[in-house]
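The values are calculated or read from the model by the stated rules, or taken from the named source; none is laboratory data. Computed from a predicted model, the values in this text were never measured in an experiment. Here the Cβ is made from the backbone with ideal geometry for all residues, glycine too, and neighbour counts use every protein chain on show. Ligands, DNA and RNA are stripped out before the accessible areas are found, and what is left, the full protein with its side chains, is counted by its heavy atoms. Shrake-Rupley method; radii C 1.70, N 1.55, O 1.52, S 1.80 Å.
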Amino acid sequence: MISTLAYVDKNAEIGENVTIEPFAVIHNNVKIGSGSIIQSHAVIMPGARIGKNCTIFPGAVISAIPQDLKFAGEETTVEIGDHTVIREYCTIHRATKQNWKTVVGSHCLIMNYVHVAHDCVIGDHVILSGYCGLAGHVHIEDYVIMEGYSMVQQFIRIGMHSFLGGSSKVRKNVPPYVKASRDPLSYIGVNTVGLSRRGFSAETIKQIEDTYRLLYVMGSNIATALKAIETEIPESEEKRHIIDFINNSPDGIMKGPVSRLKEPGTVSK
């Protein structure tokens, strides 16, 4: 299953039934889980931890040192979960500080030419479409979908089950369960299609829509909107996650709906 035309360092740990195609390069201090496929001309560099049944396509570079001037050669890692697909020419850089890690979860699809910078944490079932770019320390929760050419600045958080339109420029945190688009990035509704596909009930989706109506549509400031959500929206895991996400966004969240006549300011505390 390992081509004689591939380079595999003798200290790399290769699981059972791993396929390594011709001209792939596997450095030392690499672990690859059983059933994974490393295609031709992929480069797996020191510090990579690749899960089971993953596929790494040609030209991808996993665990290169970070593009961070603070990096001083510390031993850090990239950790990729099970059943994740990394397409052509993706670059995923390892973390900056000693024992830190860059993480891509399980069952993710990272499409061609995506860049994931140092210290990013990507949850499970995430799809990053072609040419997306994540700066350092970005945190993407589970089931997020980003369309192509979207860019995320450093230290941004994107909440679970959200959907970002193509060419999005993400400069503020994106709350969970929403759709976001336009420039500057703004709320355009709840991700009802995605939530329905993932088994959310109509009642739960309605409660999420009511929550964001209070937050984004009624014109209240954040503090007033949060008080209204606490009193008017029935208690649920989704409600609590939205409130906690906002409370843990000290630099604010993305804008509300953009008016054609007057663009509102950034929503912040």
Which one of these does Phe245 not meet: (1) assigned to a loop (DSSP other than H, G, I, E, B); (2) touching a strand residue (DSSP E or B) at 6+ places or on another chain (Cβ under 9 Å); (3) modelled with pLDDT of 95 or more? (1)
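Yes/no matrix, rows are residues, columns are (1) under 10 Å from the mean Cα position of the chain (by Cα); (2) under 20 Å from Thr77 (Cβ atoms); (3) in a loop (DSSP other than H, G, I, E, B):
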site: Ser106; (1), (2), (3): no, yes, yes
site: Asp124; (1), (2), (3): yes, yes, yes
site: His137; (1), (2), (3): no, yes, yes
site: Asp142; (1), (2), (3): yes, no, yes
Before we move on, is Glu263 open to solvent by 30 Å² or more (accessible area, probe 1.4 Å), charged (D, E, K, R), more than 24 Å from the chain's Cα centre (by Cα) and at pLDDT below 95? yes
On the basis of being within 19 Å of Glu88 (Cα to Cα) and either hydrophobic (A, V, I, L, M, F, W, C) or without any contact (Cβ under 8 Å) to a residue 40 or more places away in the chain (or both), does Glu13 make the cut? no
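Can you report the number of residues in region 183-198 which are within 18 Å of Tyr149 (Cα to Cα) and surrounded by 17 or more Cβ atoms within 10 Å (Cβ to Cβ)?
Counting residues in region 183-198 that are within 18 Å of Tyr149 (Cα to Cα) and surrounded by 17 or more Cβ atoms within 10 Å (Cβ to Cβ) gives 2.
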Conditions (1) in contact (Cβ under 8 Å) with a residue 24 or more places away in the chain; (2) open to solvent by 20 Å² or more (accessible area, probe 1.4 Å); number of the one not met by Gly81: (2)
Conditions (1) at pLDDT 95 or above; (2) open to solvent by 50 Å² or more (accessible area, probe 1.4 Å); (3) more than 18 Å from Val18 (Cβ to Cβ): number failed by Asn53: (3)
